[in-house]
Each structure stands twice: as structure tokens, then as C-alpha cells.
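The values are calculated or read from the model by the stated rules, or taken from the named source; none is laboratory data. These figures come from a predicted structure and were not determined experimentally. Every residue, glycine among them, receives a Cβ derived from its backbone with ideal geometry; neighbour counts consider all protein chains shown. To get the accessible areas, we keep the full protein, side chains included, count just its heavy atoms, and leave off ligands, DNA and RNA. Shrake-Rupley method; radii C 1.70, N 1.55, O 1.52, S 1.80 Å.
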Amino acid sequence: MVRRTKQTQFRESDVISASEIGQYHYCPVAWYLQKCGYEPQSPLLEIGIKKHVKHGDIIDHVQVSAKKSKILAAAGYMLLIVAALIIIFEVIL
């Protein structure tokens, strides 16, 4: 059995909110710097924002393409089944 040797006091700064988790997921470095008290004042900030937006656009494009690919694959399988049924009925009749 493990015993506690001292009481742990939580500070308000130790608590992480749901929005902070979202910020961390979006960019861990930016979350860390903000948690340490740094304010974004760099001219490179605009470049970073643009790169994040561009990366997000690429991810959105890939997700849309994946959905289209699944739809086209399903349509292709359906056409294959229809073609096979037509061939089977032509041979039988």
C-alpha cells in the first residue's frame, strides 16, 4: 500500500481547460509558449498562421477526396455487379 507523505495543493494554473486541450492539439508549441506567459508578437506569427491555414486546407482536401473515392469505388462495384448479372442473363436466355 502506498501512503501519501504530504498533501497536494492544486493551483488554478495546474488545471487545464477543454479549450486548452484544443489549443494544444492544434499547436503544442503555441500552447506551451502561451502557458509560459509569452504573447505572440513575432512577425513570423503571420507566416505560422498562413502555414496552419494551408495545412488545414490540405487536410480538408484529402478528406473530401477520400469521401469521393469511396463513393466512386462503391459505384464501380455496383456497375461490376450489374455487368455480371447482364452476362449471366445473356448466357441463360
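Evaluating 6.51 cos²θ - 1.76 cosθ + 1.60 at θ = phi - 60° for every residue in segment 76-82, the Karplus couplings come out as x, 5, 5, 5, 5, 5, 4 Hz, glycine and proline recorded as x.
Once Rg and Dmax of the Cα atoms in Å is worked out from the coordinates, which option in (1) 19.4, 62; (2) 27.5, 88; (3) 14.8, 45 does it equal? Label (2) holds the value from this structure. Surface composition of segment 24-84: carbon plus sulfur atoms hold 71% of the accessible area, using a 1.4 angstrom probe and ignoring ligands, DNA and RNA. Note on PHE89 and LYS54: their simple-model spin labels are 5.4 nm apart, each label 7 Å out from Cα toward Cβ. Taking the helices alone, the chain has a mean residue ellipticity at 222 nm of -25000 deg cm²/dmol, built from -39,500 (n - 2.57) per DSSP H run of at least 4 residues and averaged over all its residues.
Basic side chains Lys and Arg get +1 at the Cβ, acidic Asp and Glu get -1 at the Cβ, and with that the dipole of the chain about its Cα centre reaches some 440 debye. Compared with the alpha-carbon gap, the fully stretched path from LEU80 to CYS27 is longer by 14.5 nm at 0.36 nm per residue. Note on the chain: lysine pairs with Cα distance below 29 Å, sequence gap of 8 or more or different chains, count 12.
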